[in-house]
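These notes are about the structure you will find just below.
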Amino acid sequence: MAGRFFRYRSLGELEKEINALSLNLSFEHDSSKVRSYLVQPVKLGKFLAGNSIAIHPMEGCDGTLTGKPGNFTYRRYQRFGSGGAKLIWFEATAIVSEGRANPRQLLINDNNAKSFENLVRDIKKVHKKNFGTNSDLVLILQLTHSGRYSYPAPILCTHNAYLDKITPLGFSKEGAISSAYPLISDEYIENLEDQYAKAAKLAWKIGFTGVDIKLTHGYLGNELLSAKKRPGRYGGTLINRTRFLRNVLKKIRGIVGPDFLLASRIGVFDGVPFRLNKIHGKGEVHPYSLPYLEGFGIDENNPLEASLKEPIKVIRMMRESGVSLVSISMGNPYTNPHIGRPFDKPDAGNYSSPEHPLIGVDRQFELCAKIQRTFPDLPIVGAGYSWLQHWQLHAGAANIRDKKVTIMGIGRAALAYPNLPKDGLEKGTLNVRTTCKTLTFCTYLMRQKDHPLGQYPTGCPPFDKKFYGPLIKQVRSNKKKQ
Ligand SMILES: Cc1cc2nc3c(=O)[nH]c(=O)nc-3n(C[C@H](O)[C@H](O)[C@H](O)COP(=O)(O)O)c2cc1C
Ligand code: SF4
């Protein structure tokens, strides 16, 4: 199916567009070289990932109401386990119940630990069956607190002049955040550090290779990095804004084994909020004034551009605190989804991409490359490949070849086509028909709340029809009745 932007019949045509847009994106043309770059094992601390492909963390919103993995969760991870990627980064998992983003987000605690253990056992079983060994399989659990996007009510560590106006007070509540809305106390944050450490200890005991302290996409860990106006120990200077991160890492290191991997997915450029322009349907920026003092990784004098000065300092601090694996992401899925997930078609009701999606892909690759080149011996996972459809492995191989990244991470493309890594590595070609077309039905499902459990599970309705087709039909039929 031809998308709005993606209409290339050959890699040559795609490269022509890239040249016309004066972008840096490049591809490895030789399929055998593509395989040879992607098949390279990567040392991660004391562990080895058997190739250079990762599955990104992606929430399925399909847990039980108490936060245990549900049937769809087990199925998703079994599919990833047999797909051929050797680094599987488990989705955003809340560490306290009030920090969940929806009533079906996974929650790790003593009561749920056994179910997570079963999930790890299942994925290892299916991986071993397919590939003969688990010795080169790395499993990272992403730990999070949803902060401003918590359900049922936002939990704020800082006010944000722009985001407050558009952050809803809850799924079905009218209104946005006012300046009187309370901020969490330093004591709450300090206690959260212990909760992260507790969750990491559980993850270690369950059999995860490591944990990720999530610092991206507008959630609490990310928002603390930008809390320049927050008073007290966790706001203001960069040292204060990173206190939470450094304390969490120290506390975790104190209670897990020395080999347990510490990782972090960091948003290196928050970007500014966008909104739908009702006349042309494209995204447009919310009005802002200069200097722009909100957000992280932003050039204060031109907030449409990134400034990596602070992200680089934060990554340096992470390294000093024992982090040995970093994943680079950016943007805020609620307010500027084109930055983190370049797409051809928006989810219904949302804005069309305000820029050519190739510009978004290029931004992801270039910011990641700057970080990788600053830290050449730090394994970095890069994102933004799905929009390139069946040429994404060629781009990943070129980025590894050019030392712009260590590991290519696959997001939506793995929901649509979980065997993509295996096909790419074994056959050197992908099935064009089932490769993700970035049509955004997955995000659409994720945003729908009128399910009897308060949240629809998400997956790929076009290419995983049997499981997600009926769900999208149900959503549409409910909308018609409204
Ligand atoms: C349905 C869905 C759920 C996601 N959940 C998470 C998540 O739990 N944690 C996270 O860091 N990123 C999450 N992401 C972002 C992806 O990990 C990835 O960065 C993004 O989709 C861009 O990669 P892609 O172009 O390969 O899809 C999610 C994306 C989608 C589409
Ligand atoms: S619904 Fe499927 S094809 Fe569409 S963006 Fe999501 S994974 Fe890709």
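Data for the structure
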quantity	calculated
Only one of LYS427, LYS465, LYS449 that is charged (D, E, K, R), closer than 27 Å to LYS68 by Cβ and free of Cβ contacts under 8 Å to residues at least 24 places away in the same chain	LYS465
Only listed residue being in contact (Cβ under 8 Å) with a residue 12 or more places away in the chain, away from ligand 2 (no atom under 16 Å from the Cβ) and under 18 Å from the mean Cα position of the chain (by Cα), chosen from ALA85, ALA92	ALA92
Single condition LYS309 does not satisfy, out of (1) in contact with a strand residue (DSSP E or B) (Cβ under 8 Å, 6 or more places away or on another chain); (2) free of Cβ contacts under 8 Å to residues at least 24 places away in the same chain; (3) of a type in the set (Lys, Arg)	(1)
Any hit, segment 277-292, residues being within 29 Å of ASP344 (Cα to Cα), without any contact (Cβ under 8 Å) to a residue 12 or more places away in the chain, open to solvent by 30 Å² or more (accessible area, probe 1.4 Å) and of a type in the set (D, E, K, R)	yes
Count of segment 423-482 residues which are within 13 Å of ligand 1 (Cβ to nearest atom) and in a loop (DSSP other than H, G, I, E, B)	16
Matching residues in segment 253-270 - criterion: being within 16 Å of ligand 1 (Cβ to nearest atom), open to solvent by 10 Å² or more (accessible area, probe 1.4 Å) and part of a loop (DSSP other than H, G, I, E, B)	ASP270
Residue count, segment 407-462 (criterion: more than 14 Å from ligand 2 (Cβ to nearest atom), farther than 20 Å from ILE339 by Cβ and of a type in the set (A, V, I, L, M))	3
Spans of strands (runs of 3 or more DSSP E) in segment 9-86 with at least 2 residues touching a Leu at 6+ places or on another chain (Cβ under 9 Å) and closer than 26 Å to LEU367 by Cα	42-44, 53-55
Qualifying residue in segment 364-386 (condition: within 16 Å of ligand 2 (Cβ to nearest atom), closer than 23 Å to TRP89 by Cβ and touching an Asp or Glu at 6+ places or on another chain (Cβ under 9 Å))	yes
Single match in ARG275, ARG230 (criterion: more than 16 Å from ligand 1 (Cβ to nearest atom) and in contact with a Cys (Cβ under 9 Å, 6 or more places away or on another chain))	ARG230
Any hit, segment 26-39, residues being in contact with a Phe, Trp or Tyr (Cβ under 7 Å, 6 or more places away or on another chain) and open to solvent by less than 30 Å² (accessible area, probe 1.4 Å)	yes
Hits in segment 169-183 - residues which are without any contact (Cβ under 8 Å) to a residue 60 or more places away in the chain and either in contact with a helix residue (DSSP H, G or I) (Cβ under 9 Å, 6 or more places away or on another chain) or in a loop (DSSP other than H, G, I, E, B) (or both)	LEU169, GLY170, LYS173, GLU174, GLY175, ALA176, ILE177, SER178, SER179, ALA180, TYR181, PRO182
Verdict on ARG401 being out of contact with any Pro (no Cβ under 7 Å at 6 or more places or on another chain), of a type in the set (D, E, K, R) and near ligand 1 (Cβ under 10 Å from one of its atoms)	no
Lone qualifier among VAL326, VAL361 - being among the β-branched types (Val, Ile, Thr), in contact with a Leu (Cβ under 8 Å, 6 or more places away or on another chain) and near ligand 1 (Cβ under 10 Å from one of its atoms)	VAL361
Residues (charged (D, E, K, R) and under 23 Å from PRO462 (Cβ atoms)) located in segment 367-424	ARG412, LYS422, ASP423
Qualifying residue in segment 59-75 (condition: within 23 Å of ARG148 (Cβ to Cβ) and open to solvent by 10 Å² or more (accessible area, probe 1.4 Å))	yes
Count - residues of segment 403-435 that are closer than 19 Å to GLN364 by Cβ, basic (Lys, Arg) and open to solvent by 20 Å² or more (accessible area, probe 1.4 Å)	2
Leading residue by the ranking (farthest from ligand 1 (Cβ to nearest atom)) among those in segment 203-218 that are surrounded by fewer than 21 Cβ atoms within 10 Å (Cβ to Cβ) and in a helix (DSSP H, G or I)	LYS205
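Residue by residue, here is whether (1) among the charged types (D, E, K, R); (2) in contact with a Leu (Cβ under 7 Å, 6 or more places away or on another chain); (3) on the phi > 0 side of the Ramachandran plot holds:
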{"residue": "GLY254", "(1), (2), (3)": "no, no, no"}
{"residue": "PRO258", "(1), (2), (3)": "no, no, no"}
{"residue": "LEU276", "(1), (2), (3)": "no, no, no"}
{"residue": "HIS280", "(1), (2), (3)": "no, no, no"}
{"residue": "PRO287", "(1), (2), (3)": "no, no, no"}
{"residue": "TYR292", "(1), (2), (3)": "no, no, no"}
{"residue": "LEU304", "(1), (2), (3)": "no, no, no"}
{"residue": "GLU310", "(1), (2), (3)": "yes, yes, no"}
{"residue": "GLY331", "(1), (2), (3)": "no, no, yes"}
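The values are calculated or read from the model by the stated rules, or taken from the named source; none is laboratory data. Since this is a predicted model, take the numbers as computed values, not measurements. Methodologically, a virtual Cβ is constructed for each residue, glycine included, from the backbone with ideal geometry; neighbour enumeration extends over all protein chains shown. Quick note on the areas: whole protein, heavy atoms, side chains included, nothing else; ligands and nucleic acids left out. Shrake-Rupley method; radii C 1.70, N 1.55, O 1.52, S 1.80 Å.
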